[in-house]
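Here is the structure we will look at.
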Amino acid sequence: MSRPSADVSVRVAWPDDADAIAALQARAWRTSYDGVLPPEALEIDPTQAAELWRTNLARPRDARTRVLVALERNRVVGFAITTPATDPDCDPAVDAELMELTVEPVERGRGHGSRLVQAAVETMAADKFTRAVLWAVATDESLREFLTGAGWAPDTAHRELDLEGDGATLVKQIRLHTDVAPAS
């Protein structure tokens, strides 16, 4: 007897997904950035965040900005954001950025992240990008290992973000990249 397979998928996010994405982001950031960011930075108001998500999903700033959601049945368990890269050494005509890759902490290791990364790369290729970059917190070994296993590699770029503007909260990041094959 075969076991039933999970009903999982990835699709473009809709404005109706805003509440679920905001709640997921709040939970995931508390787990992922605990000890990296100050506690007050992790206090996300889900109502305010949902309204921002709803606005950005309905009217993205760039036509090539996409939010993808990973679903298990009809439940949002992860999301990814693709957009033209904004780094000074990138060409936004050909370089994309995987701006965020977030999976529900209790759902990690179940294939949702892999499906999101694959869908993000396919989306970037369809948008005629040839390379993708992602900024990762330098101490996030699990994200780096996950992405290198998916064919991404660190390049020579690194940065330090000053979150407060006064030097009190600095976050070191490294950039990873991968080639994106254009869709034919």
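Rundown of residues vs (1) farther than 24 Å from Glu164 by Cβ; (2) surrounded by 11 or more Cβ atoms within 10 Å (Cβ to Cβ); (3) in contact (Cβ under 8 Å) with a residue 12 or more places away in the chain; (4) in contact with a Leu (Cβ under 6 Å, 6 or more places away or on another chain), yes/no style:
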site: Gly35; (1), (2), (3), (4): no, no, no, no
site: Pro39; (1), (2), (3), (4): no, no, no, no
site: Phe79; (1), (2), (3), (4): yes, yes, yes, no
site: Pro84; (1), (2), (3), (4): yes, yes, yes, no
site: Asp87; (1), (2), (3), (4): no, yes, yes, no
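When you scan segment 154-171, do you find a residue that is in contact with a Ser or Thr (Cβ under 6 Å, 6 or more places away or on another chain), within 18 Å of Val36 (Cβ to Cβ) and touching a residue at least 40 places away in the same chain (Cβ under 8 Å), even just one?
Taking every residue of segment 154-171 in turn, at least one turns out to be in contact with a Ser or Thr (Cβ under 6 Å, 6 or more places away or on another chain), within 18 Å of Val36 (Cβ to Cβ) and touching a residue at least 40 places away in the same chain (Cβ under 8 Å).
Anything in segment 51-96 that is hydroxyl-bearing (Ser, Thr, Tyr) and in contact with a Lys or Arg (Cβ under 6 Å, 6 or more places away or on another chain)? List them, or say none.
Thr82
What's the number of the condition Ile81 fails, among (1) at pLDDT 90 or above; (2) more than 23 Å from Asp179 (Cβ to Cβ); (3) aliphatic (A, V, I, L, M)?
Condition (2) is where Ile81 drops out.
Select, from Ala70, Ala49, the only residue that is surrounded by 16 or more Cβ atoms within 10 Å (Cβ to Cβ) and assigned to a helix (DSSP H, G or I).
When all the criteria are applied, what remains is Ala49.
With in contact with a helix residue (DSSP H, G or I) (Cβ under 7 Å, 6 or more places away or on another chain) and either within 23 Å of Asp62 (Cβ to Cβ) or at pLDDT 95 or above (or both) as the only criterion, which of Val180, Val117, Val94 stands out?
Just one listed residue meets the conditions, Val180.
Mind checking whether some residue in segment 117-128 is among the acidic types (Asp, Glu), under 13 Å from Arg175 (Cα atoms), over 12 Å from the mean Cα position of the chain (by Cα) and in a loop (DSSP other than H, G, I, E, B)?
No, segment 117-128 contains no residue that is among the acidic types (Asp, Glu), under 13 Å from Arg175 (Cα atoms), over 12 Å from the mean Cα position of the chain (by Cα) and in a loop (DSSP other than H, G, I, E, B).
Which one is nearest to Glu97 (Cα to Cα), of the residues in segment 148-160 that are touching a Leu at 6+ places or on another chain (Cβ under 9 Å) and loosely packed, with under 13 Cβ neighbours inside 10 Å?
Checked segment 148-160; the qualifying residue nearest to Glu97 (Cα to Cα) is Ala153.
Which number in (1) under 22 Å from Pro84 (Cα atoms); (2) buried (at least 16 other Cβ atoms within 10 Å of the Cβ); (3) of a type outside the set (Val, Ile, Thr) marks the one condition that Ala58 misses?
(2)
The values are calculated or read from the model by the stated rules, or taken from the named source; none is laboratory data. In this text, all values refer to a predicted model and were calculated from it rather than measured experimentally. Ideal geometry is used to build each Cβ from the backbone, glycine not excepted, and the neighbour counts take in all protein chains shown.
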